[in-house]
1. Within region 149-159, identify whether any single residue is under 14 Å from ALA92 (Cα atoms), surrounded by fewer than 17 Cβ atoms within 10 Å (Cβ to Cβ) and over 19 Å from the mean Cα position of the chain (by Cα), and answer yes or no.
2. Would region 98-112 turn up any residue that is at pLDDT 95 or above, outside any strand (DSSP E or B) and of a type in the set (A, V, I, L, M, F, W, C)?
3. Can you tell me how many residues within region 124-146 are within 11 Å of ALA92 (Cα to Cα) and either touching a helix residue (DSSP H, G or I) at 6+ places or on another chain (Cβ under 8 Å) or aromatic (Phe, Trp, Tyr) (or both)?
4. With modelled with pLDDT of 95 or more and more than 21 Å from CYS151 (Cα to Cα) as the only criterion, which of ALA92, ALA83 stands out?
5. Looking at (1) closer than 16 Å to ILE170 by Cβ; (2) of a type in the set (Lys, Arg); (3) not in a helix (DSSP H, G or I), which is the only condition ARG95 fails?
6. Return a yes/no flag: does region 94-107 have any residue that is buried (at least 18 other Cβ atoms within 10 Å of the Cβ), at positive phi and either in contact (Cβ under 8 Å) with a residue 24 or more places away in the chain or assigned by TED's automatic domain parsing to the domain that holds LEU152 (or both).
Amino acid sequence: MRNSSTGRQATPSITSRSRIRLRGFKNPSPEFHNATQYGIRAAILPSGGRPVGPLIPRAYDSIMWLLIEERERCRRRDARLAAHTRDLLRAALARHAAGTAVWLYGSLVKPGRFHEWSDVDLAFESLPPGMSLEHLQSLLSADVGREVDVCLVDRTRLRATIEREGERWIG
């Protein structure tokens with residue numbers, strides 16, 4: 001592989017952090033960007049997914065192992081985060097909507113879908129006395145520490161989906 005701007009041969013090298021980089025090549029491959037946007041310190045180089053240049057096949061296996069290990073670490077972190085968010089949500093509902101039927105739906109009830117930027121989706125069967133949707137949403141968001149979307153089950157077009165895929169809780 002040649003660098004189009006300098007005409008020199010681009011040579012891959014492994015840095016001390018196990019990240020592959022191309023010396024003499026200004027624009028790394030799309031695979032490099034895809035890996036680094038998720039915080040992964042390894043990348044697959046172009047040429048059909050195999051490293052180019054003097055890297056031996058063992059380096060390719062090490063890179064793939066690092067990618068798999070990072071993906072699994074992220075899955076475990078997200079599962080812990082989902083469990084912690086559920087605990088915070090139960091406590092917040094007990095405090096602000098005791099005795100009210102609530103449907104939890106969305107990414108929090110789908111295994112492997114909840115991540116650090118996910119919101120929490122709730123559908124109430126009825127509002128607690130003296131509360132508006134907006135007030136309840138702000139209280140729950142403050143207690144849970146992330147955005148909470150609140151709606152009424154009988155006023156949403158997602159009712160069938162919520163009742164089919166969601167979890168019914170009593171606050």
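1. No, the conditions are met nowhere in region 149-159.
2. yes
3. 6
4. Working: ALA92 fails: more than 21 Å from CYS151 (Cα to Cα).
Within the list ALA92, ALA83, the selection yields ALA83.
5. The number of the failed condition is (3).
6. Yes, that holds for at least one residue.
The values are calculated or read from the model by the stated rules, or taken from the named source; none is laboratory data. Keep in mind it's a predicted model, so treat the numbers as computed, not measured. Cβ coordinates were reconstructed from backbone atoms using ideal geometry, including for glycine residues, and neighbour counts include every protein chain displayed.
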